[in-house]
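**Student:** Let me begin by handing over the structure; questions about it come next.
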Amino acid sequence: MLEKMSDFFTTRVAGYDQHMLNNVAGCKEGYIKMAELLPKATANLLDLGCGTGLELDEIFKTHPHIKVAGIDLTEAMLDVLKKKHPDKDLTLIHTSYFDYDFGIEKYEAVISFQTLHHYSHEQKIKLYSRVYTALKPGGRYIECDYMVTEQEVEDFYFKENERIRKEQNIPDGEFYHYDTPCTIDNQLKMLRLAKFDQVDMVWRKENTTILVADKAIK
Ligand SMILES: C[S@@+](CC[C@H](N)C(=O)[O-])C[C@H]1O[C@@H](n2cnc3c(N)ncnc32)[C@H](O)[C@@H]1O
């Protein structure tokens, strides 16, 4: 049975950090790598689906004075993040990143870690376009996520998701937890369609993959 996205993470919040660090191949190293890829001069950062902030735990080590806006659907995850970093400049926004207005040219960097593999191409392209707009010229978007290499594998998960949602009578547009990883090629295409000027895959361990998308200074 699929669970509502926020119920899924609320139920698992207690063991969440340990699970990601010890059981999901590549995550532990991916959090460190993301911090390394964040431009040194980043003063304002937007974190999409920040959860308990495992990526921020690493980023605060290299960027202790950074100002962060973190968006997440699951209040219980945000509560953990707030308790971990009471002294940091953190604005936590409890909503969907598909609904929140990111603004225009506000951030030097935007990140997402293991959150977008639940969504369709269409949803991601629109989101990436809004991320592009929210970045300052010369800004960087970094995504670390569950990605695959074969189109057949992507197709399988999307079809399964559709079948199970139909079976459970889940209305369109409601967020339920099911992993639908995209291929790295499709991910790069989506970011290019969103007008990013330079898009690259920079790191991968098992299926945990990091993409960097840069907005030119012009
Ligand atoms: C696997 S966790 C990743 C959390 C954190 N980034 C990390 O790597 O530890 C996925 C997070 O994405 C959030 N999420 C999923 N869909 C979302 C949406 N549409 N808007 C905001 N947050 C969302 C979930 O609530 C959850 O906290």
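**Student:** Give E162, E167, E174 a once-over and let me know the one that is surrounded by 12 or more Cβ atoms within 10 Å (Cβ to Cβ) and on the phi < 0 side of the Ramachandran plot. Can you show your working first?
**Tutor:** Details: E167 fails: surrounded by 12 or more Cβ atoms within 10 Å (Cβ to Cβ); E174 fails: surrounded by 12 or more Cβ atoms within 10 Å (Cβ to Cβ).
Checking each option against the conditions leaves just E162.
**Student:** Going residue by residue through the stretch 172-180, is there one that turns out to be among the acidic types (D, E), over 28 Å from K215 (Cβ atoms), modelled with pLDDT of 95 or more and away from the ligand (no atom under 16 Å from the Cβ)?
**Tutor:** no
**Student:** Tally the residues that are β-branched (V, I, T), more than 14 Å from the ligand (Cβ to nearest atom) and either outside any strand (DSSP E or B) or closer than 21 Å to D57 by Cα (or both), restricting the search to the stretch 142-156. Please lay out each step first, then the result.
**Tutor:** Within the stretch 142-156, the subset β-branched (V, I, T) is 142, 148-149, 153.
Still in the running and more than 14 Å from the ligand (Cβ to nearest atom): 148-149, 153.
Next cut, either outside any strand (DSSP E or B) or closer than 21 Å to D57 by Cα (or both) only: 149, 153.
Final tally of qualifying residues: 2.
**Student:** Same structure again: I'd like the residue in the stretch 111-141 that is more than 14 Å from the ligand (Cβ to nearest atom) and not in a helix (DSSP H, G or I) and, out of all such residues, is surrounded by the fewest Cβ atoms within 10 Å (Cβ to Cβ).
**Tutor:** Selected residue: P137.
**Student:** If you don't mind, another one. Output the qualifying pairs, or none if there are none: Cβ atoms under 7 angstrom, residues six or more apart or on different chains, first residue in the stretch 154-173 and within 28 Å of I184 (Cβ to Cβ), second residue polar (S, T, N, Q) and at pLDDT 95 or above.
**Tutor:** If the second residue must be polar (S, T, N, Q) and at pLDDT 95 or above, the pairs left are E154/T183; E154/N186; Y157/T180; F158/T180; N161/T180.
**Student:** Further question: Yes or no: L54 within 16 Å of M20 (Cα to Cα), among the aliphatic types (A, V, I, L, M) and touching a helix residue (DSSP H, G or I) at 6+ places or on another chain (Cβ under 6 Å)?
**Tutor:** On the way: within 16 Å of M20 (Cα to Cα): yes; among the aliphatic types (A, V, I, L, M): yes; touching a helix residue (DSSP H, G or I) at 6+ places or on another chain (Cβ under 6 Å): yes.
Against the criterion (within 16 Å of M20 (Cα to Cα), among the aliphatic types (A, V, I, L, M) and touching a helix residue (DSSP H, G or I) at 6+ places or on another chain (Cβ under 6 Å)), L54 qualifies.
**Student:** Within the stretch 30-55, which residues are under 19 Å from K215 (Cα atoms) and touching a Cys at 6+ places or on another chain (Cβ under 7 Å)?
**Tutor:** Selection gives M34 alone.
**Student:** Hey, another quick one. Please work out which one of (1) within 15 Å of the chain's Cα centre (by Cα); (2) under 23 Å from T95 (Cα atoms) is the condition T11 fails and give its number.
**Tutor:** The number of the failed condition is (1).
**Student:** Quick one: how many residues across the stretch 1-33 are more than 20 Å from L78 (Cα to Cα), within 13 Å of the ligand (Cβ to nearest atom) and in contact (Cβ under 8 Å) with a residue 40 or more places away in the chain?
**Tutor:** 5
**Student:** Does the stretch 43-58 contain any residue that is farther than 27 Å from H177 by Cβ and either within 14 Å of the ligand (Cβ to nearest atom) or in contact with a Leu (Cβ under 8 Å, 6 or more places away or on another chain) (or both)?
**Tutor:** Of the stretch 43-58, the ones farther than 27 Å from H177 by Cβ are 43-44.
The next check asks that each one be either within 14 Å of the ligand (Cβ to nearest atom) or in contact with a Leu (Cβ under 8 Å, 6 or more places away or on another chain) (or both); those that pass are none.
Looking for residues that are farther than 27 Å from H177 by Cβ and either within 14 Å of the ligand (Cβ to nearest atom) or in contact with a Leu (Cβ under 8 Å, 6 or more places away or on another chain) (or both), one finds none in the stretch 43-58, hence no.
**Student:** Within the stretch 43-66, does at least one residue satisfy the condition of being more than 20 Å from D200 (Cβ to Cβ), free of Cβ contacts under 8 Å to residues at least 12 places away in the same chain, surrounded by 15 or more Cβ atoms within 10 Å (Cβ to Cβ) and among the charged types (D, E, K, R)?
**Tutor:** For the stretch 43-66, residues more than 20 Å from D200 (Cβ to Cβ), free of Cβ contacts under 8 Å to residues at least 12 places away in the same chain, surrounded by 15 or more Cβ atoms within 10 Å (Cβ to Cβ) and among the charged types (D, E, K, R): absent.
**Student:** Do we have G70 as modelled with pLDDT of 95 or more, under 20 Å from L127 (Cα atoms) and touching a Cys at 6+ places or on another chain (Cβ under 7 Å) here? Even if it seems obvious, please write down each step before you answer.
**Tutor:** Details: modelled with pLDDT of 95 or more: yes; under 20 Å from L127 (Cα atoms): yes; touching a Cys at 6+ places or on another chain (Cβ under 7 Å): yes.
Taking the combined requirement at face value, the residue satisfies it.
**Student:** Here is a further query. Are there any pairs, at least 6 apart or on different chains, whose C-beta atoms fall under 6 Å, with the first in the stretch 104-116 and closer than 17 Å to D57 by Cβ and at pLDDT 95 or above and the second assigned to a loop (DSSP other than H, G, I, E, B) and within 8 Å of the ligand (Cβ to nearest atom), and if so, which?
**Tutor:** S112/G49; T115/G49
The values are calculated or read from the model by the stated rules, or taken from the named source; none is laboratory data. Bear in mind that the values here come from a model prediction, so they are computed numbers and not experimental data. Using ideal geometry, Cβ is built from the backbone for each residue, glycine included, and neighbour counts are taken over all protein chains shown.
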